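Quick notes on the structure that follows.
The values are calculated or read from the model by the stated rules, or taken from the named source; none is laboratory data. Only a predicted model underlies this, so the values are computations on that prediction, with no experimental measurement involved. Here the Cβ is made from the backbone with ideal geometry for all residues, glycine too, and neighbour counts use every protein chain on show. Ligands, DNA and RNA are excluded from the accessible area calculation, which covers all protein heavy atoms including side chains. Shrake-Rupley method; radii C 1.70, N 1.55, O 1.52, S 1.80 Å.
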Amino acid sequence: MAELTFGCTEAHATRYAATPTLSFTLHITESTDARVHAIALRCQIRIEPHRRRYSPDEARRLNDLFGDTARWAETVKPIQLATITTMVPGFTSVTETELQVPCTYDLEVASARYLQALDDGAIPLLLLFSGTVFTAHGDSMRVELIPWSCEATYRMPVSVWQDVVNEHFPGSAWLRCSRETLDALALFKSEH
């Protein structure tokens, strides 16, 4: 049976992507020397907001998400960032692969509201892995599930999130408005 260990070594903004995208570098080790043909990998990424400190300004901006700071022991819970699937090509012993994570800048989504409220420091992430691993077993192939106990932590610099936003929305913010308002703005723009 394959013995996989996962780690996250880096995160950066994906330049020239069609949508705001984070790229995580995953380090995968297989310790039994089995030849891995491929991995159909699923990764759930959670923000663990209780694992960092907040400035007074950050706490004020997080009030609508978590409530008053006096209640944070009860209200600050993990936030889902994304669930991503990817195919990892074949390897023996060790490989690195990029996990592309499309991001939203919609401030009605809890993860975007949380990330936008931060000034600096690191964002504590928990990466939970599952999926299917295909390994060589003599002249045949073995298909195994990745145990749900496979996980990794990563402290992503807030500046990486800021780079993602600035790549696609430089000097601006995402704003949700009604179709009627958008049509009126488009008409005004075309007339003037």
Run the 1.4 Å probe and let me know the accessible area of Val158, rounded to the nearest 10 Å². 0
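Using 0.36 nm per residue of separation minus the Cα-Cα distance, give me the extension gain between Thr83 and Thr181 in nm, one decimal.
Details: separation 98, 0.36 × 98 = 35.28 nm, distance 3.29 nm.
Result for the pair: 32.0 nm of gain on full extension.
Which percent of the accessible area of the stretch 40-133 is formed by carbon and sulfur heavy atoms (probe 1.4 angstrom)? Can you show the working numbers first?
Details: 2220 of 4560 Å².
Looking at the stretch 40-133 in its full context, I get 49 percent from C and S.
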How far is it, in nm, from the label point at Arg155 to the one at Ala136 when both lie 7 Å from their Cα along the line to the Cβ? 4.0
Roughly how many Å² of Met141 are accessible to a 1.4 Å probe, to the nearest 10? 110
Given a Förster distance of 22 Å, report the FRET efficiency between Phe169 and Tyr16 from their Cβ-Cβ distance, rounded to the nearest 0.05. 0.90
Per residue, how big is the convex hull of the chain when only Cα atoms are used? Give it in Å³. 155
Once each part is reduced to its C-alpha centroid, what is the distance from the stretch 30-45 to the stretch 131-149 in angstrom? 8
Amide H neighbours of Ala82 under 5 Å, at least 5 residues apart or on other chains, H built in the peptide plane: list them. Ile45
Estimate the FRET efficiency between Gln162 and Arg42 by the formula 1/(1 + (r/R0)^6), using the beta-carbon distance for r and 25 Å for R0, to the nearest 0.05. 0.35
Among Thr95, Thr85, Leu115 the positive-end extreme of the charge dipole of the chain (Cβ point charges): Leu115
Would you mind calculating the relative contact order of the stretch 107-187 from Cα pairs under 8 angstrom and at least 6 residues apart, reporting the percent as a whole number? 29
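Do the sum for the chain: with -39,500 (n - 2.57) for every DSSP H run of n ≥ 4, divided by all residues, what is the mean residue ellipticity at 222 nm, to the nearest 500 deg cm²/dmol? Intermediate results must be reported in sequence, preceding the final value.
Details: 6 runs with 45 residues, N = 192.
Calculated at 222 nm, the ellipticity per residue is -6000 deg cm²/dmol.
About the Cα centre, and with charges only on the beta carbon of Lys, Arg (+1) and Asp, Glu (-1), how big is the dipole of the chain? Nearest 20 debye, please.
Details: 17 positive and 24 negative charges, 58 e Å.
So the magnitude is around 280 debye.
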Karplus-derived 3J(HN,Hα) from phi for the stretch 154-164 (6.51 cos²θ - 1.76 cosθ + 1.60, θ = phi - 60°), whole Hz, x at Gly and Pro, runs 8, 9, 7, x, 4, 4, 5, 4, 4, 4, 4
Towards the positive end of the charge dipole of the chain, with charges on Cβ (+1 Lys, Arg; -1 Asp, Glu), say which of Ser178, Ala73, Thr153 has the farthest Cα. Ala73
With axes computed from alpha carbons, what is the tilt in degrees of helix 179-191 against the longest principal axis of the chain, rounded to the nearest 10 within 0 to 90? 70
Computed about the Cα centre, the charge dipole of the stretch 96-140 from +1 Lys/Arg and -1 Asp/Glu charges at the Cβ has a magnitude in debye, to the nearest 20, of 140
Can you tell me, using C-alpha contacts under 8 Å and at least 6 residues apart, the relative contact order of the chain as a whole percent? 30
Given a 1.4 angstrom probe, what's the average accessible area per residue across the stretch 17-74, in square angstrom? 52
